[in-house]
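Everything on this sheet refers to the single structure shown next.
The values are calculated or read from the model by the stated rules, or taken from the named source; none is laboratory data. These numbers come from a predicted model, not from an experiment. In this analysis, Cβ positions are derived from the backbone assuming ideal geometry, glycine residues included, and neighbour counts consider all displayed protein chains.
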Amino acid sequence: MKLVQPFQIKHKIMVICMTVIILPVLVMTINSYYSSERLLAQNYTTLLSDLAKQTNIRIDEFLKEIEKITLLASNGLSNNLSATHEGSFPIQDFLREGNEQNEIAAYNILMNYIMMKDRVFSIYLYNMNGGQDLFVSPHQPIDPDFKVANELWFKKFMHDNDRTITLTTRIDEQLDNKILAVSHARKIHDVASGELLGVIVVSIDIKFIEIVNRNLQEGLRSRFMIVDENDKIVYNVNDRLIGTLFRDNVRPPEALNVVVTSPLSQQKWTTYLYMPLDELTADGKILGRNLVTLAIVIVLFAAVISIFLSHVITTPIKKLLRNIALVEKGQFEQVEPIASRDEIGHLSIRFNRMSHELKRMVERMQQEEIEKAKAEMRALHDQIKPHFLYNTLGSVKWIASMQQADKIVEMTDALISMLRYATKSDGTLVTIREELDNIANYVTIQNVRYYDCIQMRYEVEDRMLDYRMPKMILQPIVENAIFHGLAEREEDGIITIRIQPQLDEVVIQVCDNGVGMDHHTMQNLMEEKYGAGTGTNGIGLHNVQRRIQLHFGKPYGIQVESKVGEGTIFFILLPAISENK
């Protein structure tokens, strides 16, 4: 049978992509781009027109508010000044007599007008009868040397017969910080005599237009300005252009911009909202990128279909890779045969044969490792007897030369129990109770040597005593606690054995209050094959660690924590094996 070449799969996918995807998507993208660009220009024109109207509505609201304040204050002041009941109206009292009490009362009335609104207003009341003026403004301080009579607008207003006037953007000279403001002024006449009593001016910071403009146009790239009936700029982002002629400075050429105008109903002002065509082109580029992105999504969708079509070809390869991964993990039983008659099928047959042979080799090696572990444990078991006999007889010899026979009896009893425990041949696992009894015998012998300076404490629940563990695990650890921790102390030493259940495991802690050790000493201790202070005849922690891991695997074993001067803690992690298991 003719072999299938790899390039044929790629060729099939390329033919599908070229015929089904590339040509239709290309035509669709070009047509959509030009159609959408025309719609974009129309939509932006409509959007700018609506936006200009909304902006004008908001600005008109602000202007109406300051005019309303002057009207309310004007009526109130006229009525107050015309009243005949002396002392009934605080503002009348203030204008008659500018003492502190009347000034405070009048100030509170004007402040009420400001407190009714959430805008930043300034109110100026000018007394035309030679009395004291009154100012209420959140902008501080007020220029004390300012004279309103010197202002050109005020002179013209006094000369004209108009009762009100709206002042376009100007610098509020009465404030030290000289802010730009829009103001509305109103003359106050006595309703009875018609006499001019004063002038009230309400000013609002020009930044209110900035706030309206920013809130309504957030996210757009349009320009915004307001022009009065004299073609002077009332508002522009650039403060230096305010007051200049619109046509001479910043009038946008309509050939290069989308321009929308909208008149304000409150004043003879016109709002100009325009967007450069370059910005519109930028949106067109964004639209083009979106169309390209859409085309890519369509291509990806078609690619998914192509992948589905190629699934029939690639399925045998995927199964073969899955079988290889199972063999890598040692899961030989889960290897599945591949029902294919092409080259992949032949390769799968040969691979399955190889995996079966590999399985037999692994099982043979595991059996050899088990036999090797048993041999090592037998060797370790044989090593235990001379170790204990050497240490115990050495202690007996030393005590016999120093003390009387009663101590020898105590040591001998402990020695007999330890030798009987060490030579037990009924399995490698013993109960925790038996292991702790052996520790008690061992400490009895060591206390003879160290003059009863070693105290043992046990923290273990009764139900834990019947759990099983490997024999001779705790004795080497207690031995190291004595020789490396307590032997160098001048005071009595305490060794605490704490045994706690933890899910399906048992955690044993052997704690001492000895001198502790540094990291280098701990590392050397864990690498010792022989016990502490015994030459080459003891059982080192390295051998204890190896015995535990030979029994239960690498997740279990010994860990050490120690601080110099604070003592040492040995942690032993074992599986929880009850006596009936």
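Any chance you could count how many residues in the range 160-191 are loosely packed, with under 15 Cβ neighbours inside 10 Å, over 21 Å from Asp228 (Cβ atoms) and more than 49 Å from the chain's Cα centre (by Cα)?
The number of residues fulfilling the criteria is 3.
Condition (residue is at pLDDT below 75 and on the phi > 0 side of the Ramachandran plot) applied to the range 317-333: is it met by at least one residue?
So far as the range 317-333 goes, yes, one or more of its residues are at pLDDT below 75 and on the phi > 0 side of the Ramachandran plot.
Yes or no, residue by residue, for (1) under 20 Å from Met469 (Cβ atoms); (2) modelled with pLDDT of 90 or more; (3) of a type in the set (S, T, N, Q):
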position: Glu505; (1), (2), (3): yes, yes, no
position: Glu527; (1), (2), (3): no, no, no
position: Gly540; (1), (2), (3): yes, no, no
position: Gly553; (1), (2), (3): yes, no, no
position: Leu573; (1), (2), (3): yes, yes, no
position: Ser578; (1), (2), (3): yes, no, yes
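Filter the range 125-174 down to the residues that are under 18 Å from Tyr113 (Cβ atoms) and hydrophobic (A, V, I, L, M, F, W, C) and list them by number.
Within the range 125-174, Leu125, Leu134, Phe135, Val136, Ile142 meet the criteria.
Any residue at all in the range 163-175 that is on the phi > 0 side of the Ramachandran plot and either in the same structural domain as Gly131 (by TED's automatic domain parsing) or without any contact (Cβ under 8 Å) to a residue 12 or more places away in the chain (or both)? If you could, list the steps in order and put the result at the bottom.
Going through the range 163-175, the residues on the phi > 0 side of the Ramachandran plot turn out to be none.
Among the residues of the range 163-175, not one is on the phi > 0 side of the Ramachandran plot and either in the same structural domain as Gly131 (by TED's automatic domain parsing) or without any contact (Cβ under 8 Å) to a residue 12 or more places away in the chain (or both), which makes the answer no.
Answer yes if at least one residue in the range 196-207 is under 20 Å from Lys68 (Cα atoms) and in a loop (DSSP other than H, G, I, E, B), and no otherwise.
yes
Is it the case that Ser203 is under 27 Å from Leu245 (Cα atoms) and polar (S, T, N, Q)? First the steps, then the outcome.
On the way: under 27 Å from Leu245 (Cα atoms): yes; polar (S, T, N, Q): yes.
Judged against the criteria, Ser203 is a match.
Going by what's in this entry, would Glu229 be described as in the same structural domain as Gln267 (by TED's automatic domain parsing), at pLDDT 70 or above, loosely packed, with under 14 Cβ neighbours inside 10 Å and outside any helix (DSSP H, G or I)?
Working: in the same structural domain as Gln267 (by TED's automatic domain parsing): yes; at pLDDT 70 or above: yes; loosely packed, with under 14 Cβ neighbours inside 10 Å: yes; outside any helix (DSSP H, G or I): yes.
Spelling it out, Glu229 is indeed in the same structural domain as Gln267 (by TED's automatic domain parsing), at pLDDT 70 or above, loosely packed, with under 14 Cβ neighbours inside 10 Å and outside any helix (DSSP H, G or I).
Out of the residues in the range 241-274 that are modelled with pLDDT under 75 and assigned to a strand (DSSP E or B), which is nearest to Leu39 (Cα to Cα)?
Checking each candidate, the answer is Val258.
Starting from residues that are assigned to a strand (DSSP E or B) and aromatic (Phe, Trp, Tyr), keep the ones in the range 548-578 and report whichever is farthest from Ile477 (Cα to Cα).
Here the answer is Phe571.
When both residues are 6+ apart or on different chains and their Cβ atoms are under 9 Å apart, which pairs have a first residue that lies in the range 294-310 and is farther than 27 Å from Ser36 by Cβ, and a second that is hydroxyl-bearing (Ser, Thr, Tyr) and modelled with pLDDT under 75?
Going by the 9 Å Cβ cut-off, the qualifying pairs are Ile307/Thr314.
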